[in-house]
1. Taking the condition of being of a type in the set (D, E, K, R), more than 12 Å from ligand 1 (Cβ to nearest atom) and crowded, with 24+ Cβ neighbours inside 10 Å, how many residues in the stretch 65-122 meet it?
2. Out of the residues in the stretch 52-92 that are part of a loop (DSSP other than H, G, I, E, B) and among the aliphatic types (A, V, I, L, M), which is farthest from ligand 2 (Cβ to nearest atom)?
3. Just checking: which of the helices (runs of 4 or more DSSP H) contained wholly in the stretch 93-168 hold 1 or more residues that are more than 22 Å from TYR247 (Cα to Cα) and in contact (Cβ under 8 Å) with a residue 40 or more places away in the chain?
4. Going by what's in this entry, would TRP271 be described as closer than 22 Å to GLN71 by Cα, surrounded by 17 or more Cβ atoms within 10 Å (Cβ to Cβ) and at pLDDT 85 or above?
5. If I ask for residues that are β-branched (Val, Ile, Thr) and more than 18 Å from TYR44 (Cα to Cα), which ones from the stretch 131-164 would you list?
6. For SER278, indicate whether it is more than 19 Å from ALA230 (Cβ to Cβ) and touching a residue at least 60 places away in the same chain (Cβ under 8 Å).
Amino acid sequence: MIRLNRREFLKSTGVFMIGSTLPINLVKVAYGAQSPAEDFTFAYISDAHIQHLGGGKFVRNWDRGLIRAVQEANLLSPRPDFFLFGGDLAQLGTKEEIDHGLEIMSKLRGQVRYVMGEHDYYLDLGEYWESKLGPQYYSFDHKGVHFIVLNSILTHHDWTFNRWPTPMDRMRAMARLDNPEGSPFLVGEKQRAWLKKDLEKVNKNVPIIVCSHSPLQKIYKGWNFWTDDAEKVVALLKPFKKVTVLYGHVHQIQYNQIENISFHAVMATAWPWPYPQSYTQARNNLPALTVPMNRADPFFERDATGWQFINWKTGHVDMHYQLPNNLDRTVAFNRKIGQPEDTKYQDSQKRIPPQKHF
Ligand SMILES: [Fe+2]
Ligand SMILES: [Fe+2]
């Protein structure tokens, strides 16, 4: 079980940085002494949004976020068994952006598996990404855990194929946060049929980790923090005892418990989004237990990005978020209430209230 704070962690890697952030997420899967399965860790990097400006130029700040994550991930000790990239490698899905992002990622020492983000997909419907990285959804087993990677950012056929003068018009429409011309994300029927089949061979006691890009829950439709067929996906996972869904896309800390499934968002390397509840004009379904980070400082571009250790000692995840220039926090499964909660800041009296946006 990992109990390192940031300073101890950096000491153990042989470096020491004051006020540093590590925009990566280290996941530890621990079974306890009785289990025949082996403990292991993996690390999670997400939402780099590499953006091409023309010629050889890319948005420097987004490059730096990913470069930093890769450099620091290479210092992790113990070495993670593998890495996951949580989607939105590119901003507008171009070859230049994907190539440039993969060039940065190629410096990572270890195997990387990728999740498809909407920013990677809607220019050529994932064709170039797939040619470089393989299938858009797949599963694999690692030391007793069944991992499932989904492409959760598909949408309706008509929106995808019949509406846009050019692929880039489609890409730009889906790339917006405030998304009036967008379309709700879907895992879709074909992939759900594949998932059903994939799960048939898995014992109900085997821990399952699902990696999606959008949350497999409905948080806020206006920003597509939303997967339209989430309930149908969740229903397929219901017979399993220990299920965790890890997702990117929202660029912020979120956590939730829906029946047998714990949900945890991972942070972005590019920028943080505000909590949709601060967008006062519109209703949202932000998970009731989520504790807003004490708000991001707009003058410090790395605030509210960060990294986390994740323990899985009991089959439930403990997330240890390390936030630069902000208060670290731990979100752990509370057996009494049967869901995750912030161990320190769940009480709204202990937080700085979120900013309101008008
Ligand atoms: Fe993103
Ligand atoms: Fe996204």
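The values are calculated or read from the model by the stated rules, or taken from the named source; none is laboratory data. Predicted, not measured: the structure shown is a model, and the values here were computed from it. Because the Cβ atoms are built from the backbone with ideal geometry, glycine has one as well, and the counts that use them run over all protein chains shown.
1. 1
2. This residue is LEU75.
3. 95-105
4. yes
5. Selection gives ILE153, THR155, THR160.
6. Considered against the rule, which asks whether it is more than 19 Å from ALA230 (Cβ to Cβ) and touching a residue at least 60 places away in the same chain (Cβ under 8 Å), SER278 comes out as yes.
One line per residue, one yes/no per condition, for (1) within 15 Å of ligand 2 (Cβ to nearest atom); (2) of a type in the set (A, V, I, L, M); (3) touching a Cys at 6+ places or on another chain (Cβ under 6 Å):
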| residue | (1), (2), (3) |
| --- | --- |
| VAL245 | no, yes, no |
| TYR255 | no, no, no |
| SER262 | no, no, no |
| ALA270 | yes, yes, no |
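So that you can scan it fast, the table gives a plain yes or no per residue for (1) surrounded by fewer than 19 Cβ atoms within 10 Å (Cβ to Cβ); (2) away from ligand 1 (no atom under 16 Å from the Cβ):
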residue: THR227; (1), (2): no, no
residue: VAL234; (1), (2): no, yes
residue: TYR247; (1), (2): no, no
residue: GLU259; (1), (2): yes, yes
residue: SER262; (1), (2): no, yes
